[in-house]
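Visitor: There's a structure below that I have some questions on.
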Amino acid sequence: MAEALAGLLASAFVGIAKAKLGSAIAEQASLLWNFGEDLEEMKDHLETISAVLADAERQSVKDELVRLWLKRLKHAAIDISDMLEDYQDTGDQAIAKMSGVLSCFPMASKKIVGANRIKGLRENLRKIIKEINSFNFKNGSGTTNEQSYNERETTSYLCEEPVIGRDQEKQEIINLLLSANNSNDEIGIVPIYGLGGMGKSTLAQLVYNDAQFKKYDHRTVLVVLDDLWEEKMTELDKLRTMLHVKGSHNIIEDDLVQQWVALDFIEQSKGKEYVNKLLGMSFLQVSKLPSNSQEHDVVRYTMHDLVHDLATSTVADELRVFDVAPRRNTHANKYCRYSALRKYDRAVKLANMPPKMRALRFSDSGELLDIQSGAFSFTKCLRILDFSECSGILLPASIGDPKHLRCFIAPRMQNDSLPGCITELTKLQYLNINGSSQVCSLPESIGKLGCLKHLCLSGCSGISELPKSFGDLKSMVHINMSGCSRIRELPESFGDLKSTVHLDMSGCSWITELPDSLGKLANLKHLELSGCSSLKAIPEPLCGLRQLQYLNISSCEGLDQLPEGIDGLMDLQYLTMSSCSQIRELPGSLMKLQNLLNLNLSGCSNMRHLGGLHGLTALQHVDMSRLWKVDLQYLSDVLANLTNLKCLRLCSLIISGAEGSVSYVPDWIGGIANLEHLDLSWNNGLACLPEGIGNLKRLHTLDLSGCSNLKSLPESIRDLGLKSLTCSNLHLLEGDNVSELRIRSLENVVSLEESKKLKLSDKHNLSNLTLAWSRVDDRADQLLEDKDLLAELVPPRGLKNMTLKYYKSESFPGWLLGISHHLPNLVSIALVKLPTCTELPPLGQLPHLENLELCKLDRVKRIGWEFCGGSGRGAFRRLSSFCMVHMLGLEEWNTTYSVEDGMEEYMFPILNHLRIMYCPMLRLKPSLPTFRNCSIYESNKVISSLKEIDKTSHPCSPSRAIKLDLDVNFHDSYDSIDLFHHFPLLRELRMRHLSASLPESTRHLTSLETLTLESCHGISTLPGWLGDLSSLKSLIINGCRSIKSLPPCIQKLTKLQKLEISQSKELKEWCESEENKAKLAHINVQFRDTLLIGGT
């Protein structure tokens, strides 16, 4: 299979080379160099080869010589493409320098080199042409009819009935297996892929059951790619073990597509189409990982390890993974086009990396990657440079060396500014530096990047303005400025970016107005302004953007109205204005937006009049939650006209005792025949649902959580086949097999028979489950013990996410004590407010658990080896996030546990996020847990226990921590905060409520870049050794009123870019004095009047 796919790649590269040859022949440069005849000959050769490629691809499945021929052809085509790019550059230079006499000599030298290069390529093609006759290839079209793929998850089904018409395919697979050379110990993989439901699993089963297969020495594995995504992993777990499979690979769509474009695999417009094909064939799956707050517009996919291995085998020796850069160039790298470097060593130059390398990716070494100047001067063909797997990167001033670079991905860059020489990358099309909060400026000459189409500055919060030349980026299509919170205004030249289709300015909270020139972006389709909280108005010229389809102004708290000319946005389909709390009415012109499909008004708490909303009959998704000032009868009249709705959210509208409230949902709701999702949650005044709701045959999700006065559901609702139902009454859920259930107020269950009738374990579609009682103080008379009831509520084995709240029994039922057997697929579990629980269930052996939360388990005193589920290896082997909140009785956390051979392992080996809040008695032993980000709040003994760890002989794990957030709140033994030697790689540190001076151990944090002091009223002066923090770039003093001046050493902090001061009047006056302004001239000093409360 890999060889067949490689053949398809050869065909693609030949097509690219032919197209480039055609363009080169037509250009004036070819006449200047007199290479036109050579290029014509090569183009003719490729056209001859194209005529037989389809047959060559078919024969390559069984013929090793044909595969070798295709491999040579593919590399020849790539070399031609690379040569033509160099040739074009040289031609452009020649034309530019023709006026000078002496300039002809270097041009003549380049012409000789070019002639020799073309001669070599031409001879190589001639050899490939001569070999065609020896293979007896048949002429024929190299194209096939493409199938259409849907973006969906596919599933497999093993048919037990006799299968007709698969004999030929079955025999081909058996012959392939029997003819394979399995003399070595390697395991081969034969993947079977295609659209869901085509019979792939059936075909594999036929092969497996065949008598010939029974004789086969099973060293090759049949893999049906659909099955890789199945929820029940029992059989696949065996396969994972046999093949040493670790898991899956996460991919960002934009990065993936732009790398394809940079390598000439596809045209820009075909990106989504090819992604959909990979999804349809189960090569990719939409990622289920949660996105962070800055990734609301980021699309992620997952690639299974087995698929990744297949892709790797397809490119064979074209891909090399280096642990370190090679010290000499070898013949083994002759065909290498794609490289990955796991560890970068400044002492070893990159000059011996493969010379024809087109893509280079650096992996995370756990340290800041400081690239040596001139590191990329050797690259002649490099198209892609990718640092996305690195935790931080410091770019050299020579980053402009790889002249053919098209795709540059460098998130979390640590430079003070984007190096100016990057504008020498004149072919750059994709630039991504997201999360580079240390970057304060872009080069003034950035407009020279004339080919740049996609720019991602997401999270670059240090940038305060855009260069004037920004408007010269005429090719720009996609701009992401989300989280650029310090930008105050856009240059007027922004309106010159007339090719721009997508503009994201979410979180640009300092922007107060938008330039009228934005109205010139005639091709703009997507405009994201959410979180622009200082924005005062939407300029009228923006209403002329007739191609705009998506507009998000949510949380624009400064807006008090929409422009009357909004009807000019004739193609608008999505309008989101949630939490625009100052807007009181919608303009009547809104009714002219007849293409509007999605409208979100949630949280517009002062909205009174809905204007022309009743005329928007095309609307499909509407959210009117928390419109507390709108009359409900008036709202009902408006909604009754919206008969095409698919999703309707009316949360927290019908409030018991509210003025003008009603206790029912109007009958007209049963007339919205297309409705699929209805959210009526937290309408505590709702007493009943209309019988007509049973007419909503397409309804699959119904949320009735918090509807405390709802006692029954209409009989007609039983036949709807709901997928998700959230409800507080157990008896209302019988017979519903949904994917998500939230069951609240379980204390109201009167008999175990009622819970048995629910048959929770038989709800095989269930993925997310919440089981919640009310708080102990809020419970009325209760007939059943919580443990007895929970014993009957056994979830199905396929459950992914579970939350247990307000359970008050001291121990757990049997299924929860054996949870790794009963619920092997759990990814997330939260145990919240269990007031009498004394022991934790053994969660450590859950093989897929990634997120764990423990909250208010006041009687749990110890976390130890029992929590790991026995003495076996690999406890919590996939846990990424662990949160402990309000564990008031917890005294000890043993961070290691003993395994069978007497060795000790860390409880959470790959933990990324650790949060410990309000755990006042907790101490750690015998060692510090591993983590990357940690918040410790009101848990002083956790901090002091680190000093006790220093006194033990127990070896500590190498710290991976880069961010630490401490609320120390010490009032007695202040010396116990001597802990920072545990975190040598720390980059961000926030400390609150210090009652004395800054701990001296802080001075050893030589990698520290951001220091925040918040409400540290005990600090009156900053220490003189503050100047030792040589990497410090940001100093934030928030609400520290006793600090009245800064020490002289502030001038030694040459990398310090930002000083932010709030709620400190005397310190502000000190900074603003003429004498001290000079001392702070190299720093951007900012003052705030209000106390900034940081999140934890």
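All of the numbers you see were taken from the coordinates with simple rules; none came from a lab. Being a predicted model, the structure only gives us computed values, none of them experimental. Here Cβ is always computed from backbone atoms with ideal geometry, including for glycine, and neighbour counts include all displayed protein chains.
Visitor: Explain nothing, just compute: Karplus ³J(HN,Hα) = 6.51 cos²θ - 1.76 cosθ + 1.60, θ = phi - 60°, for every residue of the range 606-617 in order, whole Hz, x for Gly and Pro.
Guide: Along the range 606-617, the couplings run 9, 5, 10, 10, 9, x, x, 4, 5, x, 8, 6 Hz.
Visitor: Net charge near T330: determine it from the other residues with C-beta under 14 Å of the C-beta of T330, scoring Lys and Arg +1 and Asp and Glu -1.
Guide: +4
Visitor: Moving on. Give me P(r) over the range 961-1096, computed from all C-alpha to C-alpha distances, binned every 5 Å, as integer percentages.
Guide: Per 5 Å bin, starting at zero, the Cα-Cα P(r) for the range 961-1096 comes out as 2, 10, 21, 25, 23, 13, 5, 1, 0 percent.
Visitor: Tell me, what is a quarter of the convex hull surface for the C-alpha atoms of the range 317-403, in nm² with one decimal?
Guide: About 5.0 nm², averaged over all directions.
Visitor: Same structure, new question: Using the Cβ atoms and a cut-off under 9 Å, what net charge is assigned to the surroundings of S517, where Lys and Arg are +1 and Asp and Glu are -1?
Guide: -2
Visitor: Any chance you could check the Cα centroid distance between the range 783-818 and the range 993-1033 for me, in angstrom?
Guide: Centre-to-centre distance over Cα atoms comes out at 47 Å.
Visitor: Determine ³J(HN,Hα), in whole Hz, for all residues of the range 749-755 in sequence, where each value follows from phi through the Karplus function 6.51 cos²θ - 1.76 cosθ + 1.60 and θ = phi - 60°; x replaces Gly and Pro.
Guide: 5, 9, 8, 5, 4, 5, 6
Visitor: Further question on the same structure: At most 10 other Cβ atoms within 10 Å and a DSSP loop assignment: could you name the trypsin sites (Lys or Arg not before Pro) in the range 829-921 that fit?
Guide: none
Visitor: I'd like the distance separating the alpha-carbon centroids of the range 832-860 and the range 532-600, in whole Å.
Guide: Here the answer is 46 Å between Cα centres.
Visitor: In whole Hz, with x marking every Gly and Pro, tabulate ³J(HN,Hα) for the range 875-881 from phi via Karplus 6.51 cos²θ - 1.76 cosθ + 1.60, θ = phi - 60°.
Guide: Residue by residue, the range 875-881 yields 5, 6, 5, 10, 5, 10, 9 Hz.
Visitor: Separate question: Only sites in a loop by DSSP and with at most 16 other Cβ atoms within 10 Å count here; which GluC sites (Glu not before Pro) in the range 453-499 make the cut?
Guide: Of the GluC sites (Glu not before Pro), the ones in loops of the range 453-499 whose Cβ has at most 16 other Cβ atoms within 10 Å are E465, E489.
Visitor: Counting only other residues whose beta carbon sits under 13 Å from that of A618, what net charge do I get with K and R as +1, D and E as -1?
Guide: Its environment carries a net charge of +1.
Visitor: What does the C-alpha gyration tensor say about the overall shape of the range 809-930? Classify as rounded when a/c is under 1.5, otherwise prolate if a/b is larger than b/c, or oblate.
Guide: rounded
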